[in-house]
1. If you place +1 on the Cβ of every Lys and Arg and -1 on the Cβ of every Asp and Glu, how big does the dipole about the Cα centre of region 35-126 come out, in debye to the nearest 20?
2. For GLN87 and LEU210, compute 0.36 nm times the residue count separating them, minus their Cα-Cα distance, and round to one decimal in nm.
3. At 222 nm, what value in deg cm²/dmol follows for the chain if DSSP H runs of at least 4 each add -39500 (n - 2.57) and the sum is divided by all its residues, to the nearest 500?
4. Sort 294-301, 199-206 for me by packing, meaning the mean count of neighbouring Cβ atoms within 10 Å per residue, highest on top.
5. If R₀ is 30 angstrom, what is the calculated FRET efficiency for the pair ALA155 and TYR20, using the beta carbon separation as r and rounding to 0.05?
6. Per residue of region 46-51, what does 6.51 cos²θ - 1.76 cosθ + 1.60 with θ = phi - 60° give for ³J(HN,Hα)? Whole Hz please, x for Gly and Pro, Karplus curve as stated.
7. With a ≥ b ≥ c taken as the square roots of the eigenvalues of the C-alpha gyration tensor of region 198-304, please select rounded if a/c is under 1.5 and otherwise prolate if a/b is larger than b/c or oblate if it is not?
8. Mind jotting down the distance between the C-alpha centroids of region 243-262 and region 140-191, whole Å?
Amino acid sequence: MLLLSGGTGTPKLLNGIRQYIPDEEITVIVNTAEDLWMSGNLICPDIDTVIYLFAGMLDTGKWWGIKQDTFNTHKALRMAGHNEILQLGDQDRATHIIRSGFIRQGASLSEAVSKTASMLGAKANILPMCDEPVSSMITVREGTIHFQEFWVEKAGKPDVLGVEYQGAQTASVPEAVKKAIKRESNIIIGPSNPITSIGPILAVKGMRELILSKHVVAISPIIGYEPVSGPAAKLMNACGYEVSSWGVAQCYGDLLDIFIIDEQDMEMKSNIKNMDFAVITADTMMTSPKKSAALARVVLQQLI
């Protein structure tokens, strides 16, 4: 079982899939283009959300960070005049320190993630999309800024003029990712932002070609003309895509074999079905573990 994941929608789906598939049989290739070095440590938001989910530590109220974490270090740094873009919990910061220590000792990102996940008790196979630095850079009227600056520091308010995956075309697919893809018949593209969560994964040189030969099932993160969460609307518009499931389908194009859209978008099905893949409708609003499990069951039924 292999999924492509960003930081919110796909972990909710993973929470449902875990009710049917043992963690040890799940592989997740995770976006790293939102990573950044901050306060001396490498922060990997999407990877850590997946690690914490499988380690039983995730704050599923926010779908990021560790449940019941404290923020004393972050508050102390702010009082001292040291501004951090991201609000890091104390236990969460320990993860960043441990991972950064492995990297300083010469480990690749893949190795550091594997060691950190194992230390925290996550049994799934969690793989970064690449080992080289890649950044989702957002062009706004004032210039080009990192995704975290756009989304967190500026609260997603600036108009978006363009999106670039800086470093993606010189990055390479890690051997662990190649092996994981080659041994699977199916790949699930989770309901994460198609531009800054899934887009960077597909932009890594050689990744799309590896996936193209597989049976791909994708779930739309858009219902009607609005994303379920996050800044996908501004980002899709800036990249020339309609903010709809139709637009998401165009993002993924010839990769798709099965495309799952929300049951509320039944009227869009006739437009989307003219493309060369099957369209399935389901309740994609994962507002509870039960609803996540129900959507996971629909997804698993589409696998060959």
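Only the coordinates and a few stated rules stand behind these numbers; no lab work does. Predicted model, so just to flag it, every value in this text is computed and none were measured. As a convention, Cβ positions derive from the backbone with ideal geometry for all residues, glycine included, and neighbour counts pool all protein chains shown.
1. 140
2. This chain segment gains 40.7 nm when fully extended.
3. Values: 12 runs with 106 residues, N = 304.
So the helix-based figure for the chain works out to -10000 deg cm²/dmol.
4. Numbers: 294-301: 18.0, 199-206: 21.6.
Highest-to-lowest ranking by the protection proxy: 199-206, 294-301.
5. 0.20
6. 5, 4, 5, 4, 5, 4
7. The shape class here is rounded.
8. When both Cα centres are located, 18 Å separates them.
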